[in-house]
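A.B. asks: Pasting a structure here, questions to come.
The values are calculated or read from the model by the stated rules, or taken from the named source; none is laboratory data. Nothing here was measured: the structure is a model prediction, and the numbers come from that model. Here the Cβ positions follow ideal geometry from the backbone for every residue, glycine too, while neighbour counts run over all protein chains shown.
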Amino acid sequence: MTVKEKLNILEELLSIEKDTLDENRLLEDMEEWDSMAVISLIAMFDSVFGKEIKTEEIKQFRTVKDIIDKME
Amino acid sequence: MATGILKNVEIKGIACAVPDHIVNNEEYFNVFGEESVRKFINMTGVKTRHVAYDEQCTSDLCYVAAKSLMKKLNWEPSSIDALILITQTPDYAIPATACVLQYRLGLSEDCIAFDINLGCSAYVYGLWQAATMISTQNINRVLLLVGDTSNFGINQNDSSTAMIFGDGGTATALERTEGKEIKYFLKTKGSGYKSIIVPAGHARSRSQINTDPSEYELYMNGADVFSFTITDVPKALNSFMEEFSIDKNEVDMYVFHQANLFILKHLVRKLGIPMEKVPISIDRYGNTSGESIPLTLVDVLGNEQSDDTLKLILCGFGVGLSYGGIYLEMKKSACIPMIYTNYYFKGDVSEERNENQ
C-alpha cells in the first residue's frame, strides 16, 4: 500500500477532505484527533491490517507519519 | 475458559421496566456543540435514552418488572425459592438491595436473596448463577433481577459518559424444566479493572477529606474497552461455539450487550454473522449496562404471541473486565411488552405489599 493510499484511509477515518492530510502534521494540533478517532483507528488496524494495536502504542504517536509507519 | 452445561432449567419469562422520562441527545447541543454531539450520535448510535427520575432507583424498576412478570406467569410470591439482584447502583452501601426487594415483593422468608456486583456481563453471570442453583440444588424457581440507573453519578460535562447511558430494570423467571438446558462460558480479565471505574465512595478511598470529587464519577477508557471487545470477546465466543458444536447459521438471534453501535458492528463483522440476526436497542434506550440483553429481548420479542422456540446466543462484556456467553432455547412468547413507568418507592412497604395481595 502506498503512503498516499494510507493517507486516504486516515482522511476518511478522520472525516478530512481527500488528499489534504500532510504526514508531518502533529496529531495534537488536529481537532479531528479525539477519543472517537482513537477508537476508529483501533478498528481500522484490526479490519484492514488484521493487527491488534494497543492504546499505549497510540499514545506514543506524535505525527500522522507515526501512524502511517505502523500501517503495514 | 469456564464452560459447561446446566440441565433441567428454562427461562419462563422476561420483563423490563424503563423510566418514562426520555432524554434526546440533541438536547446536549448547547453543552458540547452540535457538531460533536452529532458525531457522538453517529458513532455510538444513541439517539434517545430513558433516564430515571431523581427518586427512581434500580430497585424500583426491577420491582415493577418483577411484579408484572409474576402476575403474567401466575407465580405466587411464596413459590419463589431465590431472588438474585445484579446491579452496580444498589439502594444502599449496605444492606443488599435483594433483601429489601424480598420484603417489598412479599416473597417468603424461606427465599434465598443476595446481590451480585457486575455490569455489562451481569445477565450472563446471572443466568449462570440462577441455572446452577436450579440444576444442582433443591430449587425450582428463581427470579433474576438485573438493572442499573447508570446515569446516577455521571458528570454531565463529560462527553464520553453524559450521553451514553440509559436506565432500566429487568426480571427473568427461571424454572426447573426437564429436558431443557443452558450452555455457558464465563471469563474475567481483571487486569483491566481500571478501564471502567468509580474510584471513590467505598473502602479503597474512604477518606472524604482528600478525595477529588471527580473520583466519585464514572471514568471510562473507551479505547481500552474497545480493544478488549474486538479481540478477547470474539476469540472466546468462537471457541465456546466450537466446543459445543453450535452452528453459527442455526442460531436465530445473537443478543449482545448494547455497548455502542460502532463496537457492535465491528464485533458482528469479526464474528462473520449477519446484522439481521443482531437486534439493536441502543438507538432508543442507550447503553443499558447489565440489563441491556434482557431489555433488547423484550424490545424485539415483547409483543410475540407464538410459542415457537428460538435458539439464542447471549453475550455480555465490559466492566471488570468481565465477559461471558450463553446458548439457550427460549419460547418467542416468553417476553412481556416493555413497561414505561414513573414509579418509585415512597418508603411505605405495607402499601406495596397490600397491592400485591
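A.B. asks: I'd like the full set of residues that are farther than 26 Å from A:Val38 by Cα and aliphatic (A, V, I, L, M), limited to region B:14-48. Spell out how you get there, then give the answer.
C.D. replies: First, the residues of region B:14-48 that are farther than 26 Å from A:Val38 by Cα: B:14-23.
Matches in region B:14-48: B:Ile14, B:Ala15, B:Ala17, B:Val18, B:Ile22, B:Val23.
A.B. asks: Would you point out the residue of region B:123-159, among those that are over 20 Å from the mean Cα position of the chain (by Cα) and assigned to a helix (DSSP H, G or I), that is farthest from B:Arg49 (Cα to Cα)?
C.D. replies: So the residue we want is B:Thr136.
A.B. asks: Let me ask something else about it. All but one of (1) farther than 15 Å from B:Ser121 by Cα; (2) buried (at least 23 other Cβ atoms within 10 Å of the Cβ) hold for B:Asn303; which doesn't?
C.D. replies: That leaves (2) as the condition not met.
A.B. asks: I need the strands (runs of 3 or more DSSP E) fully contained in region B:8-122, keeping only those with at least 3 residues that are touching a helix residue (DSSP H, G or I) at 6+ places or on another chain (Cβ under 7 Å). Before the answer, list the steps.
C.D. replies: Details: elements: B:22-24, B:48-50, B:82-86, B:112-116.
Output list reads B:48-50, B:82-86, B:112-116.
A.B. asks: Can you tell which of B:Ala98, B:Ala93, B:Ala65 is at pLDDT below 95 and either within 22 Å of B:Val9 (Cα to Cα) or not polar (S, T, N, Q) (or both)?
C.D. replies: Details: B:Ala98 fails: at pLDDT below 95; B:Ala65 fails: at pLDDT below 95.
Testing whether each residue is at pLDDT below 95 and either within 22 Å of B:Val9 (Cα to Cα) or not polar (S, T, N, Q) (or both) leaves just B:Ala93.
A.B. asks: I've got another one for you. Could you check region A:41-72 and list, in sequence order, the residues that are surrounded by 14 or more Cβ atoms within 10 Å (Cβ to Cβ) and among the basic types (Lys, Arg)?
C.D. replies: Once the filter is applied, which keeps residues that are surrounded by 14 or more Cβ atoms within 10 Å (Cβ to Cβ) and among the basic types (Lys, Arg), region A:41-72 yields A:Lys65, A:Lys70.
A.B. asks: Filter region A:32-43 down to the residues that are over 12 Å from B:Met43 (Cβ atoms) and at the interface with chain B (Cβ under 10 Å from one of its Cβ atoms) and list them by number. Steps first, answer last, please.
C.D. replies: So in region A:32-43, the residues over 12 Å from B:Met43 (Cβ atoms) come out as A:32-33, A:41-42.
Within region A:32-43, A:Glu32, A:Leu41, A:Ile42 qualify.
A.B. asks: Please go through region B:252-268 and give me each residue that is assigned to a loop (DSSP other than H, G, I, E, B) and either farther than 17 Å from B:Ile313 by Cβ or more than 21 Å from the chain's Cα centre (by Cα) (or both), ordered by number. Reasoning before the result, please.
C.D. replies: Step one: filter region B:252-268 for residues assigned to a loop (DSSP other than H, G, I, E, B), giving B:252, B:257-260.
Scanning region B:252-268 gives a single hit, B:Asn260.
A.B. asks: So, one more: Does B:Leu237 fit the bill of being under 20 Å from the mean Cα position of the chain (by Cα), within 14 Å of chain A (Cβ to nearest Cβ) and touching a residue at least 40 places away in the same chain (Cβ under 8 Å)? Before the answer, list the steps.
C.D. replies: Details: under 20 Å from the mean Cα position of the chain (by Cα): yes; within 14 Å of chain A (Cβ to nearest Cβ): no; touching a residue at least 40 places away in the same chain (Cβ under 8 Å): yes.
No: the conditions fail for B:Leu237.
A.B. asks: Could you check how many residues of region B:207-224 are facing chain A (nearest Cβ under 9 Å) and outside any loop (DSSP other than H, G, I, E, B)?
C.D. replies: Here is the first cut: in region B:207-224, the ones facing chain A (nearest Cβ under 9 Å) are B:221-224.
So of that shortlist, the ones also outside any loop (DSSP other than H, G, I, E, B) come out as B:222-224.
Looking only at that region, the number is 3.
A.B. asks: Let me ask something additional. Please tell me if B:Asp283 is of a type in the set (D, E, K, R) and either in contact with a Leu (Cβ under 6 Å, 6 or more places away or on another chain) or within 21 Å of B:His50 (Cβ to Cβ) (or both). So that I can check it myself, show each step before the final result.
C.D. replies: Working: of a type in the set (D, E, K, R): yes; either in contact with a Leu (Cβ under 6 Å, 6 or more places away or on another chain) or within 21 Å of B:His50 (Cβ to Cβ) (or both): yes.
Answer is yes for this residue.
A.B. asks: Spot the failing condition for B:Asp158; the list is (1) within 14 Å of chain A (Cβ to nearest Cβ); (2) crowded, with 17+ Cβ neighbours inside 10 Å, and only one is missed.
C.D. replies: (2)
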